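Asker: Please find one structure pasted underneath; my questions will follow.
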Amino acid sequence: MNAVTSRAGTSAQYRNRQLFGQGAHEPYAWALRHGLGTLTLRPQMEGSGIGPVHFKVQDWCAPASSGEVALLRASRGPVLDAGCGPGRMLAAASALGLIAVGVDTSIEAVTRARSRGAVALNLSIFDPLPYEGFWGTALLLDGNIGIGGDVPSLLRRVAQLVRADGSVLVEVDPLETLDISYPAVLHGAGSRPSDAFPWSRVGSTALACHAAAAGWRIVKISVIDSTSRPGANVSCPTGRKASTGSAGAPTTVVEDRLVCRLVRRA
């Protein structure tokens with residue numbers, strides 16, 4: 001079996017699974033179509049002890065933040081944005097003179113990205129992609145290290161895509177040791193959920209272990225201030241700055257965003 005056939009097989013397995021925010025009430029597509037609201041990612045099973053993550057759709061649809069632009073300034077092109085959403089990072093990269101292409105399994109996301117003048121493909125990162133092995137930087141922001149619910153496989157796939165002197169930007173969970181994979185659902189307006197899909201969340205310490213096994217190492221961790229849009233609200237017990245309400249229940253907290261830059265291990 002050659003490499004292309006092998007990757008196509010991986011893609012077929014991926015597509016047989018449910019995808020982020022899709023199916024059932026299609027909350028991801030609805031939210032992007034309207035450009036507003038809050039999406040909540042939570043475990044499919046109640047009582048798992050895994051806290052939800054809340055995403056502000058307006059932030060995804062707004063221009064990239066100053067912190068995100070700084071990350072791109074320190075990056076080499078061309079840029080591949082995995083799970084590009086409505087294309088804010090693609091637009092920012094283009095404004096900096098970087099060639100950038102996004103991939104997303106949601107046609108609504110791809111349509112929004114293209115409306116910004118970006119190049120976006122309605123594909124999974126596990127699909128055969130153009131210029132494999134020649135990308136200068138791959139982006140796994142906004143929790144997209146969780147794509148497919150298998151961090152080691154995702155990091156190995158990115159290693160096939162990025163050239164030897166390239167890098168990967170991975171946004172991680174604020175809890176450094178967090179390392180979980182689980183069936184998740186996405187809720188939109190009125191708590192209407194998507195179908196379940198496999199997802200993962202990792203902190204920087206856990207990412208370092210997975211990265212080493214896939215031939216990567218962390219060379220820098222950047223902090224993007226939570227006041228610098230966009231951001232996610234992470235509910236305890238997975239957040240660092242835990243606080244409790246009057247009844248002792250965990251409250252939702254806003255965390256600074258942590259982004260790790262990975263390069264090849266020597």
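The values are calculated or read from the model by the stated rules, or taken from the named source; none is laboratory data. Nothing here was measured: the structure is a model prediction, and the numbers come from that model. Cβ coordinates were reconstructed from backbone atoms using ideal geometry, including for glycine residues, and neighbour counts include every protein chain displayed. Heavy atoms of the whole protein, side chains included, go into the accessibility calculation; ligands, DNA and RNA do not. Shrake-Rupley method; radii C 1.70, N 1.55, O 1.52, S 1.80 Å.
Asker: Are there strands (runs of 3 or more DSSP E) fully within region 167-224 with at least 2 residues that are of a type in the set (Ser, Thr, Tyr) and within 19 Å of residue 19 (Cα to Cα)? List them.
Answerer: In region 167-224, 179-187 are the strands (runs of 3 or more DSSP E) which contain 2 or more residues that are of a type in the set (Ser, Thr, Tyr) and within 19 Å of residue 19 (Cα to Cα).
Asker: Taking region 51-105 as the search range and keeping residues that are open to solvent by less than 20 Å² (accessible area, probe 1.4 Å) and of a type in the set (D, E, K, R), which one is nearest to residue 186 (Cα to Cα)?
Answerer: Selected residue: 104.
Asker: Take the conditions within 23 Å of residue 186 (Cα to Cα), at pLDDT 95 or above and either of a type in the set (Asp, Glu) or surrounded by 21 or more Cβ atoms within 10 Å (Cβ to Cβ) (or both) and apply them to residue 143. Does it pass?
Answerer: Criteria not met by residue 143.
Asker: So residue 131 clears everything in (1) open to solvent by less than 20 Å² (accessible area, probe 1.4 Å); (2) over 22 Å from residue 258 (Cβ atoms) except one condition, right? Which one?
Answerer: Single failed check for residue 131: (1).
Asker: Name every residue in region 75-97 that is part of a loop (DSSP other than H, G, I, E, B), out of contact with any Asp or Glu (no Cβ under 9 Å at 6 or more places or on another chain) and in contact (Cβ under 8 Å) with a residue 60 or more places away in the chain, in order of residue number.
Answerer: Result: 75, 77.
Every residue, every condition in (1) within 18 Å of residue 31 (Cβ to Cβ); (2) hydroxyl-bearing (Ser, Thr, Tyr), yes or no:
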residue: 70; (1), (2): no, no
residue: 86; (1), (2): yes, no
residue: 98; (1), (2): no, no
residue: 106; (1), (2): yes, yes
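Asker: Show the residue pairs meeting these rules: Cβ distance below 6 Å; 6+ apart or different chains; first residue within region 199-217 and over 15 Å from residue 175 (Cβ atoms); second residue open to solvent by less than 10 Å² (accessible area, probe 1.4 Å) and in a strand (DSSP E or B).
Answerer: Listed by first residue and then by second, the contacts come to 199/184; 211/262; 216/262.
Asker: May I pose another question? List every residue pair whose Cβ atoms sit under 9 Å apart, with the two residues 6 or more apart in sequence or on different chains, where the first one lies in region 147-166 and is buried (at least 22 other Cβ atoms within 10 Å of the Cβ) and the second, anywhere, is of a type in the set (D, E, K, R) and in a helix (DSSP H, G or I).
Answerer: 148/157; 157/7
Asker: If you take the residues of region 29-59 that are among the charged types (D, E, K, R) and either in contact (Cβ under 8 Å) with a residue 24 or more places away in the chain or assigned to a strand (DSSP E or B) (or both), which of them is farthest from residue 108 (Cα to Cα)?
Answerer: As a first pass, look at region 29-59 and keep what is among the charged types (D, E, K, R): 33, 42, 46, 56, 59.
Retained after the next criterion (residues that are either in contact (Cβ under 8 Å) with a residue 24 or more places away in the chain or assigned to a strand (DSSP E or B) (or both)): 33, 42, 56, 59.
Values: 33: 7, 42: 22, 56: 17, 59: 16 Å.
So the residue we want is 42.
Asker: Which one is farthest from residue 263 (Cα to Cα) among residues in region 189-207 that are open to solvent by 40 Å² or more (accessible area, probe 1.4 Å) and either among the aliphatic types (A, V, I, L, M) or at pLDDT 95 or above (or both)?
Answerer: 189
So that you can scan it fast, the table gives a plain yes or no per residue for (1) at pLDDT below 90; (2) within 23 Å of residue 138 (Cβ to Cβ); (3) among the β-branched types (Val, Ile, Thr):
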{"residue": "4", "(1), (2), (3)": "yes, yes, yes"}
{"residue": "11", "(1), (2), (3)": "yes, yes, no"}
{"residue": "20", "(1), (2), (3)": "yes, yes, no"}
{"residue": "29", "(1), (2), (3)": "yes, no, no"}
{"residue": "36", "(1), (2), (3)": "yes, no, no"}
{"residue": "61", "(1), (2), (3)": "no, yes, no"}
{"residue": "79", "(1), (2), (3)": "no, yes, yes"}
{"residue": "83", "(1), (2), (3)": "no, yes, no"}
